[in-house]
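Q: Below you'll find the structure I mean.
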Amino acid sequence: ARCQCKLLPSERRNCGYPGISALECAKAGCCFNTSVPGVPWCFAPKAKKVRKLCPSDPNVRINCGFPGITAKECERKGCCFRAYPAGVPWCFYHRTVEE
């Protein structure tokens with residue numbers, strides 16, 4: 001993503017070789033910017049930021065527990081727990097969302 005390439009020149013970590021083209025740099029999954037001399041032009045992007053969210057729609061829940069699991073047991077497994085509505089898993093996996 002474009003925002004992953006917005007780094008201060010001092011934060012750039014080299015991701016290419018001398019004379020690498022913008023196309024070759026992009027193929028390697030790296031960022032390319034020649035506007036600042038003396039720093040890498042082909043550089044590693046920022047890591048993607050992700051968040052774990054408990055899905056709000058009960059119909060998309062993916063079971064993470066077993067019948068009768070307690071909230072504490074479920075959370076120890078790293079999962080979400082909501083004891084409602086009936087007929088859907090109460091202990092279920094998070095969804096990972098990129099920011």
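The values are calculated or read from the model by the stated rules, or taken from the named source; none is laboratory data. Just so it is clear, the model here is predicted, and its values are computed rather than measured. As a convention, Cβ positions derive from the backbone with ideal geometry for all residues, glycine included, and neighbour counts pool all protein chains shown. The accessibility values were calculated without ligands, DNA or RNA, using every heavy atom of the protein model including side chains. Shrake-Rupley method; radii C 1.70, N 1.55, O 1.52, S 1.80 Å.
Q: Within the chain, which is the longest segment that contains none of the trypsin sites (Lys or Arg not before Pro) sitting in a DSSP loop with at most 11 other Cβ atoms within 10 Å?
A: Numbers: sites that count: R13, K48, K49.
By the stated rule (loop sites, at most 11 other Cβ atoms within 10 Å), 50-99.
Q: Next up: Which of the GluC sites (Glu not before Pro) found in the range 18-78 are in a DSSP loop and have at most 14 neighbouring Cβ atoms, other than their own, within 10 Å? Numbers along the way, then the final one.
A: Working: sites: E24, E73, E75; in loops: none.
Hits after loop and neighbour filter: nothing returned.
Q: Another one. Per-residue ellipticity at 222 nm for the chain, helices alone: DSSP H runs ≥ 4 residues times -39500 (n - 2.57), over residue total, nearest 500 deg cm²/dmol?
A: Numbers: 2 runs with 12 residues, N = 99.
Helix-only estimate at 222 nm: -2500 deg cm²/dmol.
Q: Put L23, L53 in order of accessible area, largest first, 1.4 Å probe: what do you get? Please report the intermediate quantities before stating the final value.
A: Numbers: L23 115, L53 70 Å².
Highest to lowest solvent-accessible surface, that is L23, L53.
Q: Here is a follow-up. Using a 7 Å offset from the Cα along the Cα-to-Cβ direction at both E75 and S35, what is the distance between the two label points in nm, to one decimal?
A: Label at E75, label at S35, 4.6 nm between them.
Q: So which cysteines of the chain have no other cysteine's Cβ under 4.7 Å from theirs?
A: C3
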